[in-house]
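Visitor: Provided herewith is a single structure, encoded as C-alpha cells, for subsequent inquiry.
The values are calculated or read from the model by the stated rules, or taken from the named source; none is laboratory data. As the structure is a prediction and not an experimental result, all values here were calculated from the model. Here the Cβ positions follow ideal geometry from the backbone for every residue, glycine too, while neighbour counts run over all protein chains shown. Ligands, DNA and RNA are excluded from the accessible area calculation, which covers all protein heavy atoms including side chains. Shrake-Rupley method; radii C 1.70, N 1.55, O 1.52, S 1.80 Å.
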Amino acid sequence: MGRLQNEVITEFRSKVRGEVLLPGDEGYDAARKIWNAMIDRKPGLIVRCAGVADVMRSVRLARDQGLLVSVRGAGHNIAGNAVCDDGLMIDLSAMKSVHVNPETRRAYVESGATLADFDHEAQAFGLATPLGINSTTGVAGLTLGGGFGWLTRKYGMSVDNLVSVDVITAEGKRVRANAQENPDLFWAIRGGGGNFGVVTLFEFQLHPVGPEVFCGVIVFPFTQAKALLLKYREFVDQASEDLNVWSVLRQAPPLPFLPSEVHGKLVVLFPFVYAGDMEAGKRAIAPLRGFGQPHGEHVGLQPYTSWQKTFDPLLTAGVRNYWKSHNLSELREGAIDSIVEYTAKIPSPQGEIFIGLVSGQANRVSKEATAYVQRDAKFVLNVHSRWEKPEDDKRCIAWAREFFNKTAPYATGGVYVNFLTQDEADRIKAAYGANYDRLVQLKSKYDPENLFRLNQNIKPAS
Ligand SMILES: Cc1cc2nc3c(=O)[nH]c(=O)nc-3n(C[C@H](O)[C@H](O)[C@H](O)COP(=O)(O)OP(=O)(O)OC[C@H]3O[C@@H](n4cnc5c(N)ncnc54)[C@H](O)[C@@H]3O)c2cc1C
C-alpha cells in the first residue's frame, strides 16, 4: 500500500462522495474497529462509501492498483474479514437506508443497515423477514452467508426471502441478480458470502409479524441442565413452527426478574418467540414452562423491535471473542452430556454455549436451490468464548476448541459459514458441501482473479 502514490490517493479522494481515511487521520482508528476485539488490523486506506458510485470507484481502484480489498458491512463477523492489513477497506456502514413498500411487502436495504435499522422501518408496517437475534448485526454479511433467527422455522432462511440484489462485480460494474437476471449469480450470492462482488442493495420479501409478539425467556437452574435439554429436544420436535425456542447455558445476567442470589450462577435459559396469536402462543409454550422449577421468567407481549434487542447487552462490541460452531441434525445425549460438562467449566463470566433452533421451513428447501446448502441443520450448536483481557486468550480459546472437538462426533460435519473463525479455512468446503464445485465455477466466472478473497474464500479454478 505504501507504494500507492499520493497523486492516486488525491485523485481518488476527489472522485468519491464519502470519507477517505489514511492511517493517522481523525476517525481512522474508529473506522477500523469491528465487533470482535481480537481483530486489530490496519488498512492502508479506508473508504467510507456514501453510495453505489463510491463502491464502483473503490472496486476499480483496488483492481487497477492490485490492492488487497476487504468489505465491511456492520463489522460483526467473528473472523474479522471486514478489515485488512495494508490494503483497501471498503466500508459500507454509512449506507444504511431501508425503504419498505407495504403494498408489495418488499424491503429495499442498503448494505450498511443493521438488523435494528431493518426492523425499525419494516415494523412501522407490522412486517419482518427472518434475520438474526442481535440487532447490531449487519443485514449484508448475515444474509450473504444464509441468515437465520427467530422467524426461520416459519419463513425460512434470510436467503430464502431474498428477491434480488444489486452487485458491483470485480470489474467494477453494477449488475442486478434475481431469478430472471443473472440467475447463476443470484444463486451464488444466496450463501456464497462476499465471494462474488459487493452487494449494494438487497430486496427482501416481508411477512406480517407483530408489531407486538408473544415472546420471552424462561430461566432454569443449571443443576437440572441434562433433564432440561432432553425435554427440550423432544419438545421442539413436536412444537408448532410458529414457535422458535433456543437454549443458552451461561452465568445468569442480572436480569430484574431473577432473584439477586441467582445472578452470576450457571443457568439454562430458554428464550422464545411465537410468531402468531398470543393465546395460541401461551398454549404452545405450556410444556416448556413445565420443564422444571424455574428461577424465573419474563414472558408476554412485547414490541418485536424491542425483543430483537434483548440479547444486545450480552453481545456488546469491543470484547475478545473466539467462537466454534457445529451443525446438528439431532441433539444426541452425548452432545448434551458435553454441553453440561463444558458449561460447568466456562472460563469467563461472558462465555456461553448456545443451541439455535433452525429447522422448519429452512429444512424444506432443497440443497441445490441456493448456495447455502445446510438444509439438514436442525440445530446450530455454538460455543461462544468471550473475555476481556489478552492474557486470558489461551485459556478461553482452549475451552472453546476442546468443547468443539468433544462434540464433533454428534455433528453433521457441515457448518454455517458465518460462524467460521479466521483459522478455519479447512472447513469452507464442508460449509458448502455438494454446492462447492458449482461455486468454484461461478467464482471463476465472476471473480477469476480472486479480488474478493478476504472472506471464507472460494478460490477460482486456476
Ligand atoms: C453477536 C453475534 C450474533 C450473531 N447472530 C446471528 C444470528 O442470529 N443469525 C445469523 O445468521 N448469524 C448471526 N451472526 C453471524 C453473522 O451473520 C455474521 O457475523 C455476519 O457476517 C455479520 O454481517 P456484518 O455485515 O455485520 O459483518 P461484516 O463483518 O461487516 O462482514 C462480514 C463479511 O461479509 C462480507 N460482506 C459484508 N457486506 C458485504 C457486502 N455488502 N457485499 C459483499 N460482501 C459483504 C465480507 O466478506 C465481510 O468480510 C452473529 C454474529 C455475532 C457476532
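Visitor: Considering only the range 83-100, state which residues are assigned to a loop (DSSP other than H, G, I, E, B) and open to solvent by 10 Å² or more (accessible area, probe 1.4 Å).
Guide: Result: Asp85, Asp86, Ser93, Ala94, Lys96, Ser97.
Visitor: A further question on this structure: Here's a check for you: in the range 353-375, which residue that is outside any loop (DSSP other than H, G, I, E, B) and open to solvent by 10 Å² or more (accessible area, probe 1.4 Å) is nearest to Arg320 (Cα to Cα)? Please lay out each step first, then the result.
Guide: If we filter the range 353-375 for residues that are outside any loop (DSSP other than H, G, I, E, B), which is where we start, we get 353-357, 361-364.
Then keep just the ones that are open to solvent by 10 Å² or more (accessible area, probe 1.4 Å); that gives 354, 361, 363-364.
Details: Phe354: 18, Gln361: 34, Asn363: 33, Arg364: 36 Å.
Applying the filter and picking the extreme gives Phe354.
Visitor: Hey, any hits in the range 243-251 for a residue that's open to solvent by less than 50 Å² (accessible area, probe 1.4 Å), within 30 Å of Ala371 (Cα to Cα) and more than 16 Å from the ligand (Cβ to nearest atom)?
Guide: Scanning the range 243-251, I find at least one residue that is open to solvent by less than 50 Å² (accessible area, probe 1.4 Å), within 30 Å of Ala371 (Cα to Cα) and more than 16 Å from the ligand (Cβ to nearest atom), so the answer is yes.
Visitor: Still on this structure: Taking the range 258-279 as the search range and keeping residues that are outside any strand (DSSP E or B) and touching an Asp or Glu at 6+ places or on another chain (Cβ under 7 Å), which one is least open to solvent (accessible area, probe 1.4 Å)?
Guide: Going through the range 258-279, the residues outside any strand (DSSP E or B) turn out to be 258-265, 275-279.
Within this subset, residues satisfying the condition of being touching an Asp or Glu at 6+ places or on another chain (Cβ under 7 Å) are 275-276.
Details: Ala275: 15, Gly276: 38 Å².
Only one residue fits best here, namely Ala275.
Visitor: Is it fair to say Leu255 is in a strand (DSSP E or B), within 22 Å of Glu352 (Cα to Cα) and not acidic (Asp, Glu)?
Guide: no
Visitor: Which of the residues spanning the range 285-337 are away from the ligand (no atom under 16 Å from the Cβ) and assigned to a helix (DSSP H, G or I)?
Guide: Initially, the range 285-337 is screened for residues away from the ligand (no atom under 16 Å from the Cβ), giving 285-303, 306, 329-337.
Ile285, Ala286, Pro287, Leu288, Arg289, Ser306, Glu333, Gly334, Ala335, Ile336, Asp337 - these are the residues of the range 285-337 that are away from the ligand (no atom under 16 Å from the Cβ) and assigned to a helix (DSSP H, G or I).
Visitor: Can I ask one more? Quick one: would you say Glu121 is closer than 26 Å to Leu67 by Cβ and open to solvent by 10 Å² or more (accessible area, probe 1.4 Å)? Spell out how you get there, then give the answer.
Guide: On the way: closer than 26 Å to Leu67 by Cβ: no; open to solvent by 10 Å² or more (accessible area, probe 1.4 Å): yes.
Against the criterion (closer than 26 Å to Leu67 by Cβ and open to solvent by 10 Å² or more (accessible area, probe 1.4 Å)), Glu121 does not qualify.
Visitor: On the basis of being more than 26 Å from Ala225 (Cβ to Cβ), modelled with pLDDT of 95 or more and small (Gly, Ala, Ser), does Ala371 make the cut? Explain how you work it out, then say what you get.
Guide: On the way: more than 26 Å from Ala225 (Cβ to Cβ): yes; modelled with pLDDT of 95 or more: yes; small (Gly, Ala, Ser): yes.
Answer is yes for this residue.
Visitor: Scan the range 4-28 residue by residue and report those that are within 27 Å of Thr114 (Cβ to Cβ) and open to solvent by less than 40 Å² (accessible area, probe 1.4 Å).
Guide: Within the range 4-28, Val16, Gly18, Val20, Leu21, Gly27, Tyr28 meet the criteria.
Visitor: Let me ask another. Of (1) in a loop (DSSP other than H, G, I, E, B); (2) open to solvent by 10 Å² or more (accessible area, probe 1.4 Å), Gly141 satisfies all except one. Which?
Guide: (1)
Visitor: Another one. On the given criteria, is Val8 hydrophobic (A, V, I, L, M, F, W, C), out of contact with any Pro (no Cβ under 7 Å at 6 or more places or on another chain) and at pLDDT 95 or above? Please lay out each step first, then the result.
Guide: Numbers: hydrophobic (A, V, I, L, M, F, W, C): yes; out of contact with any Pro (no Cβ under 7 Å at 6 or more places or on another chain): yes; at pLDDT 95 or above: no.
Considered against the rule, which asks whether it is hydrophobic (A, V, I, L, M, F, W, C), out of contact with any Pro (no Cβ under 7 Å at 6 or more places or on another chain) and at pLDDT 95 or above, Val8 comes out as no.
Visitor: Enumerate the pairs (first residue in the range 132-161 and more than 6 Å from the ligand (Cβ to nearest atom); second residue anywhere and among the acidic types (Asp, Glu) and assigned to a helix (DSSP H, G or I)) with beta-carbon separation below 8 Å, excluding pairs fewer than 6 apart on the same chain, so at least 6 apart or on different chains.
Guide: What qualifies is Ser135/Asp119; Ser135/Asp312; Thr136/Asp312; Val139/Asp117.
Visitor: Those residues that are assigned to a strand (DSSP E or B), within 14 Å of the ligand (Cβ to nearest atom) and open to solvent by less than 10 Å² (accessible area, probe 1.4 Å), I need them from the range 101-114; list them, please.
Guide: Val109
Visitor: Kindly evaluate Ala50 against the criterion of being within 25 Å of the chain's Cα centre (by Cα) and outside any helix (DSSP H, G or I). I'd like the intermediate steps shown before the answer.
Guide: On the way: within 25 Å of the chain's Cα centre (by Cα): yes; outside any helix (DSSP H, G or I): yes.
Spelling it out, Ala50 is indeed within 25 Å of the chain's Cα centre (by Cα) and outside any helix (DSSP H, G or I).
Visitor: Here is a further query. For the range 39-73, how many residues meet the condition of being surrounded by fewer than 19 Cβ atoms within 10 Å (Cβ to Cβ), within 12 Å of the ligand (Cβ to nearest atom) and closer than 30 Å to Leu315 by Cβ?
Guide: Final tally of qualifying residues: 1.
Visitor: Does Gln422 count as of a type outside the set (Ser, Thr, Tyr), within 16 Å of the ligand (Cβ to nearest atom), assigned to a loop (DSSP other than H, G, I, E, B) and modelled with pLDDT under 95? I'd like the intermediate steps shown before the answer.
Guide: Working: of a type outside the set (Ser, Thr, Tyr): yes; within 16 Å of the ligand (Cβ to nearest atom): yes; assigned to a loop (DSSP other than H, G, I, E, B): yes; modelled with pLDDT under 95: yes.
For Gln422, the condition - of a type outside the set (Ser, Thr, Tyr), within 16 Å of the ligand (Cβ to nearest atom), assigned to a loop (DSSP other than H, G, I, E, B) and modelled with pLDDT under 95 - is met.
Visitor: Can you tell me which residues in the range 219-241 are part of a loop (DSSP other than H, G, I, E, B) and surrounded by 19 or more Cβ atoms within 10 Å (Cβ to Cβ)? Full working, then the answer.
Guide: Initially, the range 219-241 is screened for residues part of a loop (DSSP other than H, G, I, E, B), giving 239-241.
Passing the criteria: only Ala239.
Visitor: Right, another one. Residue check, Val213 against (1) open to solvent by less than 20 Å² (accessible area, probe 1.4 Å); (2) within 14 Å of the ligand (Cβ to nearest atom), all met but one. Which one?
Guide: (2)
Visitor: Look at Ala31 and say whether it is open to solvent by 10 Å² or more (accessible area, probe 1.4 Å), of a type in the set (Gly, Ala, Ser) and under 25 Å from the mean Cα position of the chain (by Cα).
Guide: Here the answer is no, as Ala31 does not meet what is asked.
Visitor: Here's something else I'd like to know. Within the range 411-421, is even one residue among the polar types (S, T, N, Q) and more than 21 Å from the chain's Cα centre (by Cα)? Talk me through it step by step, then tell me what you get.
Guide: In the first step, residues of the range 411-421 are kept if they are among the polar types (S, T, N, Q); the result is 412, 418, 421.
Adding the requirement that they be more than 21 Å from the chain's Cα centre (by Cα) leaves none.
No, the range 411-421 contains no residue that is among the polar types (S, T, N, Q) and more than 21 Å from the chain's Cα centre (by Cα).
Visitor: Further question on the same structure: Select, from Ala188, Ala170, Ala179, the only residue that is more than 8 Å from the ligand (Cβ to nearest atom), modelled with pLDDT of 95 or more and either open to solvent by 20 Å² or more (accessible area, probe 1.4 Å) or over 30 Å from Lys459 (Cβ atoms) (or both). Before you say what the answer is, go through the steps one by one.
Guide: Details: Ala188 fails: either open to solvent by 20 Å² or more (accessible area, probe 1.4 Å) or over 30 Å from Lys459 (Cβ atoms) (or both); Ala170 fails: either open to solvent by 20 Å² or more (accessible area, probe 1.4 Å) or over 30 Å from Lys459 (Cβ atoms) (or both).
Ala179 is the lone residue from the list that is more than 8 Å from the ligand (Cβ to nearest atom), modelled with pLDDT of 95 or more and either open to solvent by 20 Å² or more (accessible area, probe 1.4 Å) or over 30 Å from Lys459 (Cβ atoms) (or both).
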